[in-house]
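A.B. asks: There's a structure below that I have some questions on.
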Amino acid sequence: MIITAFIALQLATTQPALPPPFTELPQQVLEPGQCALFLWDRASTRRIAMLNRTPPTLRAIIDGRSTDLPAEAREGEEVMGFAPVSRFRSANRSFEVRLTILPATAGGAVVRDGSLTITEADGSAVVLPVAGLAGCPQ
């Protein structure tokens, strides 16, 4: 009985793993006036990426390395300088971020619905549902 309760507790507190190639992005420090949009994987609730407004880049821990990828394309009406659709590319993967960005009443913005699609060189793809927050420290 005690073993069953212990296993149930472990299962309840274990977060699902992030899919390759990502690992959790550590806390980031923004300079005053620098704006960023942070994305969380909805399944694990872990922070997986940061979009910088200027210059438009995607920062993530990819294959164990901190990586900044410049935006290749951006589409749609921007909110706080962040596009609803952004595309990025590394040597062997492409990343597409699709977001519904809503301005927040106290400043900043919220992403309630979004996805991050990772496409490998062989054409296989993984789609991660994401949520996020944007802000600019003063």
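Read the figures in this text as sums done on the coordinates, not as results from a lab. All values derive from a computational prediction rather than experimental measurement. Neighbour counts are summed over all protein chains in view; Cβ atoms, including those assigned to glycine, are modelled from backbone coordinates with ideal geometry.
A.B. asks: Please report the relative contact order for segment 16-138, taking Cα pairs under 8 Å with a sequence separation of at least 6, and give it as a percent rounded to a whole number.
C.D. replies: 23 percent.
A.B. asks: Thinking of the chain as a set of Cα atoms, what percent of all their pairs are more than 23 Å apart?
C.D. replies: 36 percent
A.B. asks: Stokes-Einstein at 4 °C, 1.567 mPa s, Kirkwood radius from Cα pairs: D for segment 88-138 in µm² s⁻¹?
C.D. replies: D, rounded to a whole number, is 105 µm²/s.
A.B. asks: Nearest 0.05, what FRET efficiency do Ser115 and Thr23 give at R0 = 25 Å with Cβ-Cβ as r?
C.D. replies: 0.85
A.B. asks: Here is a further query. Based solely on its DSSP helices, what 222 nm [θ] is calculated for the chain when runs of n ≥ 4 H residues each add -39,500 (n - 2.57) and the sum is averaged over all residues, nearest 500 deg cm²/dmol?
C.D. replies: -2500 deg cm²/dmol
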